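The values are calculated or read from the model by the stated rules, or taken from the named source; none is laboratory data. Since we're looking at a predicted model, the values are computed, not measured. All Cβ positions, even for glycine, are placed from backbone atoms using ideal geometry, and neighbour counts span all protein chains on display.
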Amino acid sequence: MNSQISMRYILILFLLFTFTIHANTIDVCATCDVKTIKGAVLLAKDGDTILVKRGVYKESQININRAIHIIGVDYPVIDAENKTESIFAVKSDNFSISGFKFTNVGMSHTKEIAAIFISHSNNFTIKDNIAENVFYGFILQRVKYGLVQNNQVHGRADAKNETSAGNGVHVWKSSHMRIEQNELIGMRDGIYLEFVNKSFISNNTSEDNIRYGLHFMFSHHNEYQRNEFRNNGAGVAVMFSKFIKMHHNTFHYNWGTASYGLLLKEINDADIYNNIFEQNTIGINIDGCNRISYKENHFIRNGWAVKFTGGCYTNVFEFNNFMYNAFDLSYNSRLNDNKFEANYWSEYSGYDLDKDGIGDVPHRPVKLFSYVVNKTPETLVLLRSLFVDIINFSEKVSPVFTPDNLQDSKPIMRPMNPVTE
């Protein structure tokens, strides 16, 4: 039996060696024997490398169904001339595309068109590309073990609303993906994930997108870290997912009447820690989320730091900073099953006589006025009035409209420093 296994490994190694020594390199340029990328792809065999020299190539609908590597030298430009076809359409394993500048990918309301469209593929790499004036950047469907790294994706110049723009990186029904170090600007959603599991999204910058910097639904066991979401239409939306980790991300400058840094809807069993929520209309909007740990996050100068809009149970808020927000917490129920402990509140007016760093009296973070604003938004104009200060104080002394057990019994006296490691 062991000898059969050994012979099998020897045969595999022999085939790999044979495959490697027969791999060729095909050059593409205006003065080369092969002058088009599409022509080179037709000539290429599994394992071949296509080197595309600097120049402008007016091509689209380049179909790839082999394990080949297409490399741009000095960023050759592939101009799709606004045709309603993807530039690369890939259905193959073990391929890579890198070093190109894609431009003028056409817009369609009936089909998805991208600089690179990948389906039913495994073990691939898309890296070091620039996509400008594109409908979608990269569309990936039913793929596994792919890497999308260090790409720049900028939307169409004429995109004014959600219907005229696609997503920067759009992934559907996939797993084990790595989306890293990409810059996504002016798209509908910077990154969109649906039915995507066991994936890792890190060090991306997503800004000035029409709808969301990041949007994912029905996507479980994923990790999101060290991403920046800046000045997007409505920040980041996370829906109907479980077992996620979001840490060391920055959500800031997401302003608008229906905007937030992070929207959580029907999320269960998650860890959200060491994130910065700064100058958003709402830092985190929470709707129907359970068993989530919020730890060591920093809520700074938001309209609402945290806003509950649906039934949420057994969530824990510990060691978070709530600093200079108009409202630290908005709560929409008389019942509270969530824990708030050992957080820093810039509006805490208590004292620490024994100097142990913990306030001697509990802090009630929910203001009566936030309850009033939820019922009648127009009253927000009274935010800084003496009348509001009086009703907030009365509710703090004798809670009537807010849960009497919604309090931080151990508020810390000094803010936590952001953790960068």
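Right, SER241: among the polar types (S, T, N, Q), over 9 Å from the mean Cα position of the chain (by Cα), within 19 Å of CYS289 (Cα to Cα) and not in a strand (DSSP E or B) or not?
no
Quickly run through the stretch 72-94 and pick out the residues that are surrounded by 24 or more Cβ atoms within 10 Å (Cβ to Cβ) and under 14 Å from SER119 (Cβ atoms).
Correct list: SER86, PHE88, VAL90.
Within the stretch 108-122, how many residues turn out to be of a type in the set (Lys, Arg) and part of a strand (DSSP E or B)?
0
Among the residues of the stretch 175-191, count how many are within 18 Å of ILE118 (Cα to Cα) and among the acidic types (Asp, Glu).
First pass over the stretch 175-191, keeping only residues within 18 Å of ILE118 (Cα to Cα): 175-180, 182, 190-191.
Filter again for among the acidic types (Asp, Glu), leaving 180.
Number of matching residues: 1.
Could you list all residues from the stretch 163-182 that are surrounded by fewer than 24 Cβ atoms within 10 Å (Cβ to Cβ) and not small (Gly, Ala, Ser)?
Once the filter is applied, which keeps residues that are surrounded by fewer than 24 Cβ atoms within 10 Å (Cβ to Cβ) and not small (Gly, Ala, Ser), the stretch 163-182 yields THR163, HIS170, TRP172, LYS173, HIS176, MET177, ARG178, GLU180, GLN181.
Has the stretch 169-187 got any residue that is of a type outside the set (Phe, Trp, Tyr), outside any strand (DSSP E or B) and touching a Leu at 6+ places or on another chain (Cβ under 6 Å)?
There is no residue in the stretch 169-187 that is of a type outside the set (Phe, Trp, Tyr), outside any strand (DSSP E or B) and touching a Leu at 6+ places or on another chain (Cβ under 6 Å).
Can you give me the ranges of the strands (runs of 3 or more DSSP E) entirely in the stretch 23-107 with at least 2 residues that are in contact with a Leu (Cβ under 7 Å, 6 or more places away or on another chain) and modelled with pLDDT of 95 or more?
25-28
Within the group ASN320, ASN325, ASN302, ASN343, which residue is buried (at least 22 other Cβ atoms within 10 Å of the Cβ) and either aromatic (Phe, Trp, Tyr) or over 15 Å from ASN275 (Cα atoms) (or both)?
Only one candidate passes the filter, namely ASN325.
From the list ASN232, ASN268, pick out the single residue that is in contact with a strand residue (DSSP E or B) (Cβ under 6 Å, 6 or more places away or on another chain), under 21 Å from THR309 (Cβ atoms) and not in a strand (DSSP E or B).
Residue meeting the stated conditions: ASN232.
Can we say ILE118 is under 20 Å from MET177 (Cβ atoms), crowded, with 19+ Cβ neighbours inside 10 Å and more than 28 Å from the chain's Cα centre (by Cα)?
Spelling it out, it is not the case that ILE118 is under 20 Å from MET177 (Cβ atoms), crowded, with 19+ Cβ neighbours inside 10 Å and more than 28 Å from the chain's Cα centre (by Cα).
Take the stretch 123-137 and flag every residue that is in a strand (DSSP E or B) and either farther than 15 Å from THR84 by Cα or of a type in the set (Ser, Thr, Tyr) (or both). Working first, answer last.
Step one: list which residues in the stretch 123-137 are in a strand (DSSP E or B), which gives 123-127, 130-134, 136-137.
Listed by number, the residues that qualify are ASN123, PHE124, THR125, ILE126, LYS127, ILE130, ALA131, GLU132, TYR136.
Do we have VAL419 as modelled with pLDDT under 70, surrounded by 13 or more Cβ atoms within 10 Å (Cβ to Cβ) and under 31 Å from the mean Cα position of the chain (by Cα) here?
Numbers: modelled with pLDDT under 70: yes; surrounded by 13 or more Cβ atoms within 10 Å (Cβ to Cβ): no; under 31 Å from the mean Cα position of the chain (by Cα): yes.
Spelling it out, it is not the case that VAL419 is modelled with pLDDT under 70, surrounded by 13 or more Cβ atoms within 10 Å (Cβ to Cβ) and under 31 Å from the mean Cα position of the chain (by Cα).
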